[in-house]
Amino acid sequence: VQLQASGGGLVQAGGSLRLSCAASGRTFRHHRMGWFRQAPGKEREFVAGINWGGESPLYVDSMKDRFTISGDSAKSTVYLQMDSLKPEDSAVYYCAASTLTILTRLPERYRFWGQGTQVTVSS
């Protein structure tokens, strides 16, 4: 499975961004997909997760009112819509794929990772 994240950039506080993660490979539709982020000096943290089969998405409680994960299987792409962005949302955002049969917040459970896309929110 290969993952390509895009859509990051510089945005003012209160603004929005939509990140995309293009997946490829023979078996990617069997994987659970997740978005993570990592700010300088901090651990990588889970943001949201989804699978291609329509299972309810998984969110971090602190972000679920502002972030929305979705997937388009026809385009092999997972999206992360981020609204009402705050400076503390600034980080490198990664998409990842897990071979588990359930969604998980644990980064060590994700086998495949994209290269990351930088999100910077100015105050």
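Within the stretch 60-88, residues that are farther than 11 Å from A48 by Cβ sit with their Cβ atoms under 7 Å from residues that are charged (D, E, K, R) and open to solvent by 60 Å² or more (accessible area, probe 1.4 Å), at 6+ positions apart or across chains, in these pairs: S73/R29. Looking at the stretch 15-55, which of its residues are more than 15 Å from T99 (Cβ to Cβ), in a loop (DSSP other than H, G, I, E, B) and under 15 Å from the mean Cα position of the chain (by Cα)? Passing the criteria: S16, A39, R44. The residue of the stretch 82-122 that is farthest from the chain's Cα centre (by Cα), among those that are assigned to a loop (DSSP other than H, G, I, E, B), at pLDDT 95 or above and of a type in the set (S, T, Y), is S84. Of all residues in the stretch 11-46, exactly one satisfies the criterion of being at pLDDT below 95 and of a type in the set (V, I, T), namely T27. Of the residues making up the stretch 102-109, one or more are farther than 15 Å from L19 by Cβ, among the β-branched types (V, I, T), open to solvent by 50 Å² or more (accessible area, probe 1.4 Å) and in contact (Cβ under 8 Å) with a residue 24 or more places away in the chain. Taken over the stretch 1-10, the criterion of being out of contact with any helix residue (DSSP H, G or I) (no Cβ under 9 Å at 6 or more places or on another chain), open to solvent by less than 60 Å² (accessible area, probe 1.4 Å) and either in a strand (DSSP E or B) or at pLDDT below 95 (or both) is satisfied by A5, S6, G9. Out of S70, S76, one residue alone is at pLDDT below 95, on the phi < 0 side of the Ramachandran plot and not charged (D, E, K, R). It is S70.
Out of (1) over 22 Å from L10 (Cα atoms); (2) open to solvent by less than 40 Å² (accessible area, probe 1.4 Å); (3) hydrophobic (A, V, I, L, M, F, W, C), the odd one out for A91 is which? It is condition (1) that A91 fails.
The values are calculated or read from the model by the stated rules, or taken from the named source; none is laboratory data. Just so it is clear, the model here is predicted, and its values are computed rather than measured. All Cβ positions, glycine included, derive from the backbone under ideal geometry; neighbour counts span all protein chains shown. Ligands, DNA and RNA are excluded from the accessible area calculation, which covers all protein heavy atoms including side chains. Shrake-Rupley method; radii C 1.70, N 1.55, O 1.52, S 1.80 Å.
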